[in-house]
1. Could you check, for the range 85-96, whether at least one of its residues is among the charged types (D, E, K, R), assigned to a helix (DSSP H, G or I) and exposed (fewer than 10 other Cβ atoms within 10 Å of the Cβ)?
Amino acid sequence: MASKSTRSGSEAVRRLEELRAAYDRLRTEQIRAEGEAERLEQELAVAKAEARGEFGTDDEAALAGLVAEAEARNAARVQEFEAVIASIEAELASLSRESA
């Protein structure tokens, strides 16, 4: 009976050593994750401060609205530029036909 109990005891010690290694690995990962979370929180705070300074807000919805407005203005300007280019090309084609 002592032999079986010794085997069970050594099996338990071996298993505890395996579990300890897993625990140590998980603890290391937890510390790393906590550090990463802290770093990201600091980056977010800096980004929000920059947004408030540059755009007057750090609200995501308000910033998304500003981006949408800028995209709409840019699209309108591209269309205007396209119209100017088309007008110039038409004028050049007209001058080319007149001189020929």
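No lab work stands behind these numbers, since they all come straight from the coordinates. Note that the coordinates shown come from a computational prediction; the quantities given were computed from them, not determined experimentally. Positions of Cβ are generated from backbone atoms using ideal geometry, with glycine treated the same way; all protein chains shown enter the neighbour counts.
1. From the range 85-96, those among the charged types (D, E, K, R) are 89, 91; that's our starting set.
From the residues that got through so far, the ones that are assigned to a helix (DSSP H, G or I) too are 89, 91.
Still in the running and exposed (fewer than 10 other Cβ atoms within 10 Å of the Cβ): none.
No, the range 85-96 has no match at all.
Table: residues versus (1) of a type in the set (Gly, Ala, Ser); (2) under 19 Å from the mean Cα position of the chain (by Cα).
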{"residue": "33", "(1), (2)": "yes, yes"}
{"residue": "40", "(1), (2)": "no, yes"}
{"residue": "60", "(1), (2)": "no, yes"}
{"residue": "72", "(1), (2)": "yes, no"}
